[in-house]
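Below is one structure, written out as structure tokens, with a few remarks after it.
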Ligand SMILES: C[S@@+](CC[C@H](N)C(=O)[O-])C[C@H]1O[C@@H](n2cnc3c(N)ncnc32)[C@H](O)[C@@H]1O
Ligand code: SF4
């Protein structure tokens, strides 16, 4: 058993490993005038537990990045139109006869910005026909910086897309090259300027730290350079070396040195400091935003709310069921075209579903809500839902975490402390 005086030794040793938990990638949505009312709108929408979020997966890329194991394909570009029709059909199949309310829509990938505006329009029309999309809904789309134009952004605005997320990863040419990215930093600057000119005032930039060869100064350059672009939101992910990727083989064959977890921890710490100085709110372990600009779609995941996952390989969670859709786009298209009787939230393309027992629900609730650094775990809601308090459920484990100041309780919210953020995977392991 751990004694309290061991915690600080553990803190130093595990701090490096723990940043990995900062890296849970979420599958990864003229609005300006609505924005001041929007926070309030979303707050009241959140009260309504029947509100849904929709994740729509677009599994196409022009090029496979060396670190990426997402469900995406570089040789299936000719399927895009037929895929968009299948996705629209899946939307209709899942909805059935009920027009359920939707608060966020997120086109993730892959590279959604490879989809023609006509295909995106077809999908969104199906969503509006079969779901009751809130007037202030957040509609996000992931974009690769090199895949867009001013005309394309203008079309996205007309479709009602009001938030963009750009995969930047680094501003340093040698790092971009190792990551297998095909854009340069100039491409990013152009993409951001064009997006702003088209009226997108809400956009996220993704960066990756813990990259082999990346130094603390080069990471600082990436963070500072992106801050100069004044994004409303930044997601900073620690590199995960995924099995079967070129990145893993570069490391295995000694072509590059493995990532240094201690350096990654220093990079995370530095980023926390730079973001705070620039006025960004660190609202989730890997995510920062300007006040009021949280990603509402991802908040649904972290609040353990209901979301539908549509498209090849997508994951969903609604009405106490977790499920995932078949991964291969051709199989997906065939499955959607084959009539099958399904009930909400499932579609004919669902490959597997799991009903969550209470232990699963408690684990999900804890590890998702604790990621939210301002909100944390709602202890009152926990007790109402599971029939006992977190203290009664977690007993000595929670008492120890409180004693070790890895978590703290404020106004019936259980939250990670600053120390707990660095050791969050340790906290999660103990609680689940
Ligand atoms: C699935 S990608 C979609 C965005 C878009 N396709 C792009 O890459 O520009 C979403 C984000 O996940 C992050 N990501 C993907 N694989 C990762 C890995 N192995 N380790 C850390 N972050 C990763 C990247 O920051 C990426 O921007
Ligand atoms: S562009 Fe994005 S989704 Fe496509 S391979 Fe690269 S990281 Fe993965």
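The values are calculated or read from the model by the stated rules, or taken from the named source; none is laboratory data. What you are looking at is a predicted structure, and each value in this text was computed from that prediction instead of being measured. Because the Cβ atoms are built from the backbone with ideal geometry, glycine has one as well, and the counts that use them run over all protein chains shown.
The table below gives the values:
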{"item": "Strands (runs of 3 or more DSSP E) (entirely within the stretch 332-432) containing at least 1 residues that are under 22 Å from the mean Cα position of the chain (by Cα)", "result": "350-355, 413-416"}
{"item": "Residue in the stretch 158-170 that is modelled with pLDDT of 95 or more, part of a helix (DSSP H, G or I) and over 21 Å from the mean Cα position of the chain (by Cα) present", "result": "yes"}
{"item": "Any hit, the stretch 164-179, residues being out of contact with any strand residue (DSSP E or B) (no Cβ under 8 Å at 6 or more places or on another chain), under 14 Å from residue 66 (Cβ atoms) and within 14 Å of ligand 2 (Cβ to nearest atom)", "result": "yes"}
{"item": "Residue match in the stretch 216-225 (condition: closer than 30 Å to residue 279 by Cβ, in the same structural domain as residue 282 (by TED's automatic domain parsing), part of a loop (DSSP other than H, G, I, E, B) and more than 23 Å from the chain's Cα centre (by Cα))", "result": "no"}
{"item": "Given (1) in contact with a helix residue (DSSP H, G or I) (Cβ under 8 Å, 6 or more places away or on another chain); (2) in the same structural domain as residue 190 (by TED's automatic domain parsing); (3) crowded, with 22+ Cβ neighbours inside 10 Å, index of the condition residue 307 fails", "result": "(2)"}
{"item": "Residues that are touching a helix residue (DSSP H, G or I) at 6+ places or on another chain (Cβ under 8 Å) and under 24 Å from residue 91 (Cβ atoms), drawn from the stretch 159-186", "result": "159, 160, 161, 164"}
{"item": "The stretch 237-260, residues that are farther than 30 Å from residue 272 by Cα and part of a loop (DSSP other than H, G, I, E, B)", "result": "244, 253, 254, 255"}
{"item": "All positions within the stretch 85-117 that are in a strand (DSSP E or B) and touching a helix residue (DSSP H, G or I) at 6+ places or on another chain (Cβ under 6 Å)", "result": "103, 104, 106"}
{"item": "Residue 119 being away from ligand 1 (no atom under 12 Å from the Cβ), in the same structural domain as residue 194 (by TED's automatic domain parsing) and within 21 Å of residue 334 (Cα to Cα)", "result": "yes"}
{"item": "Unique match (being touching a strand residue (DSSP E or B) at 6+ places or on another chain (Cβ under 6 Å) and either modelled with pLDDT of 95 or more or more than 30 Å from residue 119 (Cα to Cα) (or both)) among 377, 402, 299, 398", "result": "377"}
{"item": "Residues satisfying the stated conditions in the stretch 176-197, i.e. in a helix (DSSP H, G or I), more than 13 Å from residue 222 (Cβ to Cβ) and within 14 Å of ligand 1 (Cβ to nearest atom)", "result": "178, 187, 191, 192, 195"}
{"item": "Subset of the stretch 135-151 that is crowded, with 18+ Cβ neighbours inside 10 Å and part of a strand (DSSP E or B) - its residue that is farthest from ligand 1 (Cβ to nearest atom)", "result": "136"}
{"item": "Residue 82 being away from ligand 2 (no atom under 13 Å from the Cβ), over 20 Å from the mean Cα position of the chain (by Cα), part of a helix (DSSP H, G or I) and closer than 22 Å to residue 317 by Cβ", "result": "no"}
{"item": "So residue 130, is it crowded, with 17+ Cβ neighbours inside 10 Å and either farther than 18 Å from residue 107 by Cβ or within 15 Å of ligand 2 (Cβ to nearest atom) (or both)", "result": "no"}
